[in-house]
1. If you check residue 70 against the conditions, is it hydroxyl-bearing (Ser, Thr, Tyr), more than 14 Å from the chain's Cα centre (by Cα) and at pLDDT below 95?
2. From the set of residues in the range 20-42 that are of a type outside the set (Gly, Ala, Ser) and farther than 24 Å from residue 96 by Cβ, which is surrounded by the most Cβ atoms within 10 Å (Cβ to Cβ)?
3. Would you tally the residues in the range 86-109 being within 20 Å of residue 11 (Cα to Cα) and out of contact with any Phe, Trp or Tyr (no Cβ under 6 Å at 6 or more places or on another chain)?
4. Among the residues of the range 97-104, is there at least one that is β-branched (Val, Ile, Thr) and either part of a helix (DSSP H, G or I) or at pLDDT below 90 (or both)?
5. Of the conditions (1) more than 12 Å from the chain's Cα centre (by Cα); (2) at pLDDT below 90; (3) under 21 Å from residue 105 (Cβ atoms), residue 7 satisfies every one except a single condition; which number is it?
6. Just checking, how many residues over the range 113-132 are under 15 Å from the mean Cα position of the chain (by Cα) and not polar (S, T, N, Q)?
7. Take the range 95-133 and flag every residue that is touching a residue at least 60 places away in the same chain (Cβ under 8 Å) and surrounded by fewer than 21 Cβ atoms within 10 Å (Cβ to Cβ).
8. Out of the residues in the range 30-55 that are within 18 Å of residue 10 (Cβ to Cβ) and among the acidic types (Asp, Glu), which is nearest to the chain's Cα centre (by Cα)?
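The values are calculated or read from the model by the stated rules, or taken from the named source; none is laboratory data. Worth saying up front: this structure is predicted, and the values here are computed from it rather than measured. Because the Cβ atoms are built from the backbone with ideal geometry, glycine has one as well, and the counts that use them run over all protein chains shown.
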Amino acid sequence: MIGEKLQNKQLGTIFEAAFAYHALCNGCEVFLSQGEFSVVDAVVISPMDQLFRVQIRGTAKQKGVSISPTTGRGANKKPLDQTKYEVLAVYAHAYRIWYLIPSAMVAPAKTLKIYPMFPESRGQYEIYRDNWKIFK
C-alpha cells in the first residue's frame, strides 16, 4: 500500500503526478510547480483556454479521511488564502477518487472531511467528487 514507508514530500510528489495524469486525461494542459516556493502546486489550462491555479492535497488513509487545506505546521498552521488559487484538488488514493473543490467553498476551513468510502454520501464536499467539469 502506498504511503506506508513514504515521507510526506514523496507522497506529495506522487499526488501531483497523479493529478497531472488525470487532468491530461480530461483534456487539460498541466504545468506542475518545480519547487516549494510556489504559491500553487499546478496551473491548469482548460480545454476552453481558461487558466486555473490549483492546490493539490491527498491522503493514503482508508479510514477517517480528512484533508488539511492549510500552510505551516503546528501552531503556525493557517488556512490557505483562497485568493491564491481557484481549485483545491484532493486525492483519496485508497479509493482512487478526486475531489475538485472551488476555493470559495474551502476557506476558511482547516480540515475537510470527505467520504470516498460511501458512494451515496451526502457530505458537504461530495458534490465535488470527480468534478473534472470544473475545468470546462
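1. Details: hydroxyl-bearing (Ser, Thr, Tyr): yes; more than 14 Å from the chain's Cα centre (by Cα): no; at pLDDT below 95: yes.
For residue 70, the condition - hydroxyl-bearing (Ser, Thr, Tyr), more than 14 Å from the chain's Cα centre (by Cα) and at pLDDT below 95 - is not met.
2. To start, the set of residues in the range 20-42 that are of a type outside the set (Gly, Ala, Ser) comprises 21-22, 24-26, 28-32, 34, 36-37, 39-41.
Retained after the next criterion (residues that are farther than 24 Å from residue 96 by Cβ): 34, 36-37, 39.
On the way: 34: 7, 36: 7, 37: 6, 39: 13.
In this case the residue turns out to be 39.
3. 7
4. Keep residues of the range 97-104 that are β-branched (Val, Ile, Thr), which gives 97, 101.
Then keep just the ones that are either part of a helix (DSSP H, G or I) or at pLDDT below 90 (or both); that gives none.
No, the range 97-104 contains no residue that is β-branched (Val, Ile, Thr) and either part of a helix (DSSP H, G or I) or at pLDDT below 90 (or both).
5. All conditions are met except number (3).
6. Quick first cut of the range 113-132, residues under 15 Å from the mean Cα position of the chain (by Cα) only: 113-116, 125-132.
Subset that is not polar (S, T, N, Q): 113-116, 125-130, 132.
The number of residues fulfilling the criteria is 11.
7. Going residue by residue through the range 95-133, those that are touching a residue at least 60 places away in the same chain (Cβ under 8 Å) are 98, 132.
Once the filter is applied, which keeps residues that are touching a residue at least 60 places away in the same chain (Cβ under 8 Å) and surrounded by fewer than 21 Cβ atoms within 10 Å (Cβ to Cβ), the range 95-133 yields only 132.
8. Ranking the qualifying residues of the range 30-55, first place goes to 41.
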